[in-house]
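Asks: Structure below; questions to follow.
The values are calculated or read from the model by the stated rules, or taken from the named source; none is laboratory data. All of these numbers come straight from a predicted model, not from anything done at the bench. All Cβ positions, even for glycine, are placed from backbone atoms using ideal geometry, and neighbour counts span all protein chains on display. Heads up: the accessible areas ignore ligands, DNA and RNA and are worked out on the full protein's heavy atoms, side chains in. Shrake-Rupley method; radii C 1.70, N 1.55, O 1.52, S 1.80 Å.
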Amino acid sequence: NRQNSYKRNMLNTGLNLKYATDKFTLTSTTSYQFMDDCMMMDQDYLASDFMHLEQRQLTNAITQELTVRNNTEGKWKHATGLYGSYQWLRTDAPVFFDEDFTGRISGGIQSAMYNSILKAMIDKMVAAGMPQAAAEKAAAAAIEKAGGINVSADMKVPATFNTPQLNIGVFHESNISLTNRLTATLGLRYDYNRVKVHYDTYAAMAITANVMGQSMTNTLTSMLNNMSHDNYSQLLPKVGLSYTIDSNGSNVYATVCKGYRAGGYNIQMFSDILQHELNENSNKAMTGSYDIPHTQADYDEINNTISYKPEESWNYEIGAHLNLFDNKIHADLAVYYMQIRNQQLSVMAGEYGFGRMMVNAGKSISWGLEAALRGSAFDNSLTWSAGYGLTRATFKEYNETSNDTEISYNGKRVPFIPMHTLNARADYRIRLNGSAVQSVVIGADVTAQGRTYWNEANTYSQPFYALLGAHADINFTGVSLKLWCRNITDTHYNTFAFDSSASGQTIYLAQRGTPIQAGFDIDLHF
């Protein structure tokens, strides 16, 4: 029922410098990014008026990397580098709770007040000798005659978050030729992250009660203003072997390495935290305005609630790169196995399911294979490629508590990871020498993926689906016209889905995939 919009102003710039000698090459890469955006969202995604969000972000980020590589001949090739980045991020994200949401709160308070006053009047009348039935009728009539009881609520949650991040990395990788065909790779990276959050937010709920001709407004507030930070550091080793099997450069390889993703803070959880506090203390606004107090222990609990841990993994992979039939066909094959600890999962936040937050699963295992072929024929007039991926990612240890009940997801599929991915493409080029049109390219492609589960319980998912496309490129001298069509069969599919309890019952919401599209591109060559 509310218009959604997104506006963004962005600037990206970078500087690359390289200094080369006979012995080494020094490379410097510097980048800067500025972003200022504004997002307006009907956060309940329903025709009912529950919540809407306004989020503005201001980002400044700078990165610097220095790398030194040796250029000398020999059996030892190595690279050493230093990486650093710093990001300033300010987020203003007020959440507005609208009539259909506040109506449930005011309705509950109104019912409690009415029943309390009605009971007190009935008890007084019965004590004076009036029969129960008559007292109930007389008390209800007296309340109605005096103006009745009506309660309304107004609620908002302004919020400002500053979340700067620092990342420093030092790395080295050596490639050592053990024999003419066998090469060993040894690598090590030290990674340091410092994440910080400073939140300044509050929730205010004004309760206006009109009770039998008397009106009063009480305000229930909860203010949160605090900061927290965490430091994360890891040593990330890498070991690999590669064996060249023919003169075309084909090889087989095996690698073992450690993966890592730093922890952080969930700022989208605050609206749910403050909602919960207001609901728990709503009865205190019936007697007067009330400001919910917070101790250091409360802030410690909040910081523990909004933080998530780093994700760590050990990755094992074996594979081959094959150049076949005089390099007319290239084949890549890999089989991998991953052991993941504290896997970071993106889930819907809090009791009502508004906003995304990151949580940690205990342990998970992922294994699969990837295969790709590409080649050409007919004097390179026909080019083609095909790829397939199989992934089986399951939870090994993951439990959570809901309504005092422990739920185990052990053995369930990790959400958002498709079990199968498939792609294929073929292009045929027709050369037209001596004409204004230099060449025409006609091609087709198909991509497919699924099944993809949308939640940890695996109760709803996206089945396997495929998208067919076609294109024709007409290349003139200095100009290219590209005609294309995507999802020719108008396949219906979802790109994302989640459940929400905003309406008081659990419903499932999904983003539909893009239907059939057609268009053209014009490229100018100078």
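Asks: What FRET efficiency do you get for Val170 and Asn150 if R0 is 51 Å and r is their Cβ-Cβ distance, rounded to the nearest 0.05?
Replies: Efficiency at R0 = 51 Å is approximately 0.15.
Asks: Here's a follow-up. Does anything in segment 146-161 have its amide N under 15 Å from the 7 Å Cα→Cβ label point of His198, and if so which residues?
Replies: 160-161
Asks: With a probe of 1.4 Å, find how much accessible area segment 316-407 has per residue, and write the answer as a whole number in Å².
Replies: Per residue, segment 316-407 has 56 Å² of solvent-accessible surface.
Asks: Keeping all protein chains in place, calculate the accessible area per residue for segment 119-212 (probe 1.4 angstrom), answer in Å².
Replies: Solvent-accessible surface per residue comes out at 52 Å².
Asks: Further question: What's the extension gain from Lys18 to Ile442 if we count 0.36 nm per residue and subtract their Cα-Cα distance?
Replies: Gain on stretching Lys18 to Ile442: 148.6 nm.
Asks: For a Förster distance of 60 Å, can you work out the FRET efficiency between the beta-carbons of Ala141 and Asn1, rounded to the nearest 0.05?
Replies: 0.95
Asks: Rounded to the nearest whole Å², what accessible area per residue is found for segment 409-448 with the 1.4 Å probe?
Replies: Solvent-accessible surface per residue comes out at 57 Å².
Asks: Could you calculate the contour length gain from Thr489 to Leu432, that is, 0.36 nm times the residue separation minus the distance between their Cα atoms, to one decimal place in nm?
Replies: That pair, Thr489 and Leu432, stretches by 17.3 nm at full extension.
Asks: Next up: How big is the Kirkwood radius of the chain, worked out from every pair of different alpha carbons and given in Å to one decimal?
Replies: Taking every pair of different Cα atoms in the chain, averaging 1/r and inverting gives 29.0 Å.
Asks: Relative contact order of segment 413-526: what whole-number percent is it, with Cα pairs under 8 angstrom and at least 6 residues apart?
Replies: Relative contact order, segment 413-526: 21 percent.
Asks: Leaving out ligands, DNA and RNA, what percent of the accessible area of segment 60-101 is carbon and sulfur, probe 1.4 Å?
Replies: Percent of accessible area from carbon and sulfur atoms in segment 60-101: 59.
Asks: Using the Cα centre of the chain as the reference point, and only Cβ charges (+1 on K/R, -1 on D/E), how large is the resulting charge dipole? Debye, rounded to the nearest 20.
Replies: 1320 debye
Asks: Would you mind calculating the gained length between Tyr32 and Trp314 on full extension (0.36 nm times residue separation, minus the Cα-Cα distance), in nm to one decimal?
Replies: Full extension from Tyr32 to Trp314 adds 98.3 nm.
Asks: Please give the charge dipole size of segment 295-339, origin at the Cα centre, charges +1 on K and R Cβ atoms and -1 on D and E Cβ atoms. Round to the nearest 20 debye.
Replies: It works out to roughly 320 debye.
Asks: Keeping the other protein chains in place, figure out the carbon and sulfur percent of the accessible area of segment 455-494, with a 1.4 Å probe.
Replies: It is 64 percent, rounded to a whole number.
Asks: Based on DSSP H runs of at least 4 residues, each adding -39500 (n - 2.57), what is the mean residue ellipticity at 222 nm of the chain after dividing by all its residues, to the nearest 500 deg cm²/dmol?
Replies: Calculated at 222 nm, the ellipticity per residue is -4000 deg cm²/dmol.
Asks: With everything on Cα atoms, drop me the angle between helix 132-145 and the longest principal axis of the chain, reported from 0 to 90° to the nearest 10.
Replies: 70 degrees
Asks: Using +1 on the beta carbon of Lys and Arg, -1 on that of Asp and Glu, and nothing else charged, what's the dipole of segment 240-364 about the Cα centre, debye to 20?
Replies: Dipole size: approximately 340 debye.
Asks: Mean separation of Cα pairs under 8 Å and 6+ residues apart, divided by the residue count of segment 132-224: what relative contact order is that in percent?
Replies: Rounded, it is 34 percent for segment 132-224.
Asks: To the nearest 0.05, how large is the calculated FRET efficiency for Leu82 and Asn410 if R₀ is 51 Å and r is the Cβ-Cβ distance?
Replies: Calculated transfer efficiency: 0.75.
Asks: Hey, another quick one. So what are the radius of gyration and Dmax for the Cα set of segment 118-228, in Å?
Replies: Cα only, segment 118-228: 34.4, 109 Å (Rg, Dmax).
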